[in-house]
Amino acid sequence: MKLTERVAADLVAAMKERAELRLSVLRMLKAEFQKAQADKGRASELTDDDAQTLVRRLIKQRREAAEQYRAAGASERADGELAEAEVLEVYLPAQLGDAEIDALIAEAAKEAGAVSARDMGKLMRVLMPRVAGRADGGRVKERVTAFFA
């Protein structure tokens with residue numbers, strides 16, 4: 001089942017369950033999918049990769065907003081933003097653990113011939129397509145830096 005179809009089905013379920021938060025977030029997500037589809041044009045369809053990229057962007061927006069609310073002393077609003085992010089995270093693939101990232105780094109380093117921190121660019125070019133969507137780029141960079149340390 002495509003991600004867009006799964007969201008539509010979950011939206012109907014949230015309506016039936018009267019789950020206000022999930023319903024609100026899924027309506028917003030469906031609207032974002034429709035905007036992205038309109039931007040792409042009628043001829044092409046929204047792929048799962050496009051949809052996951054959009055979900056990641058929305059999660060990042062929610063987390064950044066939560067940080068700003070906390071800094072301004074509005075912890076209730078920050079908690080609301082984080083709750084929305086949690087609802088959205090269900091639609092992303094499982095994230096890689098540190099051990100899995102380290103194993104991929106070692107494999108990519110061998111393949112790219114990276115032996116020092118100066119070779120970080122070569123390593124990242126090989127590594128990032130392998131972890132795309134399954135690990136945050138900042139976390140991967142931290143692990144790569146630790147690998148060369």
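The values are calculated or read from the model by the stated rules, or taken from the named source; none is laboratory data. What you see is a predicted model; the values in this text were computed from it and never measured. So basically every Cβ, Gly included, is an ideal-geometry build from the backbone, and we count neighbours across all protein chains shown.
Listed values, structure above:
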{"item": "Flag for residue 100 being assigned to a helix (DSSP H, G or I), surrounded by 13 or more Cβ atoms within 10 Å (Cβ to Cβ) and out of contact with any helix residue (DSSP H, G or I) (no Cβ under 7 Å at 6 or more places or on another chain)", "result": "yes"}
{"item": "Residue check, residue 54 touching a helix residue (DSSP H, G or I) at 6+ places or on another chain (Cβ under 7 Å), surrounded by 16 or more Cβ atoms within 10 Å (Cβ to Cβ) and at pLDDT 95 or above", "result": "no"}
{"item": "Residue that is surrounded by the most Cβ atoms within 10 Å (Cβ to Cβ) [pool: residues in the stretch 120-141 that are in a helix (DSSP H, G or I) and at pLDDT below 85]", "result": "137"}
{"item": "Subset of the stretch 13-51 (residues that are more than 19 Å from the chain's Cα centre (by Cα), surrounded by fewer than 11 Cβ atoms within 10 Å (Cβ to Cβ) and closer than 17 Å to residue 88 by Cα)", "result": "20"}
{"item": "Residue match in the stretch 41-52 (condition: touching a residue at least 60 places away in the same chain (Cβ under 8 Å) and more than 12 Å from residue 25 (Cβ to Cβ))", "result": "yes"}
{"item": "Any pair with Cβ under 6 angstrom, 6 or more apart, that starts in the stretch 116-133 at a residue that is of a type in the set (Asp, Glu) and ends at one that is assigned to a helix (DSSP H, G or I) and crowded, with 18+ Cβ neighbours inside 10 Å", "result": "none"}
{"item": "Where a residue in the stretch 71-90 is more than 26 Å from residue 135 (Cβ to Cβ) and its partner, wherever it lies, is among the acidic types (Asp, Glu), with Cβ under 8 Å and at least six apart", "result": "none"}
{"item": "Inter-residue pairs, beta-carbon under 7 Å, first within 16 Å of residue 138 (Cβ to Cβ) and not assigned by TED's automatic domain parsing to the domain that holds residue 134 and in the stretch 56-69, second among the acidic types (Asp, Glu) and part of a helix (DSSP H, G or I), 6+ apart", "result": "59/89"}
